[in-house]
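Just below is one structure, and these are the notes that go with it.
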Amino acid sequence: MKRLCAAGVGLWGAAVVGLAGCAPTAMGPMVMRMGPGAPDRNVMQVGMRSGPRLSAPIAGTQAGVGTGNSFRGNESSFSTQQWGVAFDAALTVPVSERLHLHTGLQGEFLLPIPLPGYGLYAGASYYVGSERLGLAPALSLRGASDFGLGTPRGGPGSIFGAEVSCALTMQPEKNVSIGLVPFASWHTVASHGRNEQALYYGGVVAARVSWGEKNDFELSGGFGRAKVGKGVSWNVPIMGARGGR
C-alpha cells in the first residue's frame, strides 16, 4: 500500500511538474475602458485573454528544448510555445467620473487549475468625452513569472514592463459599447540567465453589452506584433472574453 501511495504521489508530482511549465502570457491591452464607466461603484471582470509568450525566442534557442517545441515565429502563430491563453481577473475602482484605477491578475490556462506563470498588473485611465463618444488613454505596469520552472511551453521566463493604450469608444445605443484600442508595451524579459528587451504592440476591436443594473459581457479581438531583442519578431493573434459585474 505504501508503495502504491508513493507511486501515486510520484505520478501526481510528475504530472504537476509537466503541466506547470507555461511561461506567462503578455496580455494586451491590459486596460480597456469602454466608455465613461461606473463612477459610483467598483467593477469586477473575469474571463480569458490571449497574447505572446515573450520568453519563447530565448527558450526556443536553448539546447534540449526539443525540435517539436522550438520557436516557430510567423510559421505557427498559434503554437503554444509562443502564444498562450490566460485567465484574467480585473478590478476597476473609480476615483472620479474621469479617473479610474485598474488592477488585475492572471494565471495560465492549463487544466485542471491555472498553474504558473502568474502575473499582476495595475494602471490608471482618464476618460475625455461624452457618454456617447470619447477617448480613454491609459498607463499600466505588469509583472509575471513562471518562477523558473522548466517547461517546453515558452520558458522558463519572467517579464516586467509598462504599457500605454488609448481606447476610442462609442455607444451606438443604450447598454452597447464599441471600442478601438491600440496599445504598445515595453518589457524586460528574463530567461535562461539572459535579459532581453521586448516590444509588443497592436490593437483590438472590443464590444461590451450590458444588461440589468450591473452585468456586462465583453468580447475583444485583434492583432499584435511582438519583437524580442534585436531581430526576432512575430505576429500575435489577440482574442478575449470577459464577464463583469
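Going by a ≥ b ≥ c, the root eigenvalues of the Cα gyration tensor, does region 102-218 fall in the rounded group (a/c under 1.5), the prolate group (a/b larger than b/c) or the oblate group? Prolate is the answer for region 102-218, as a/c is 1.5 or above and a/b outweighs b/c.
Going by C-beta contacts inside 10 Å, put ASP40, ASP146 in order with the fewest on the left.
On the way: ASP40 6, ASP146 28.
By the 10 Å Cβ count, ascending, the order reads ASP40, ASP146.
Between VAL128 and VAL95, the distance separating the two model label sites (each 7 Å from Cα on the Cα→Cβ line) works out to 1.7 nm.
Starting with the fewest neighbours, write out LYS227, LYS174, LYS214 ranked by other beta-carbon atoms found within 10 Å of each beta-carbon. Write out the running numbers ahead of the final one.
Numbers: LYS227 17, LYS174 7, LYS214 12.
Fewest to most other Cβ atoms nearby, the residues stand as LYS174, LYS214, LYS227.
Which net charge results for the neighbourhood of ALA198, defined as the other residues with beta-carbon distances under 15 angstrom from its beta-carbon, given Lys and Arg at +1 and Asp and Glu at -1?
Values: positive: ARG53, ARG142, ARG194, ARG225, LYS227, LYS230; negative: GLU163, GLU196.
Surrounding charge for ALA198 is +4.
Each residue, ASN42 and GLN197, gets one label point 7 Å from its Cα in the Cβ direction; the gap between the two is 3.7 nm. In percent, rounded to a whole number, the relative contact order of region 120-233 is 18, using alpha-carbon pairs under 8 Å and six or more apart.
Throughout, read-outs are computed from the coordinates displayed, never taken from laboratory work. Worth saying up front: this structure is predicted, and the values here are computed from it rather than measured. Positions of Cβ are generated from backbone atoms using ideal geometry, with glycine treated the same way; all protein chains shown enter the neighbour counts.
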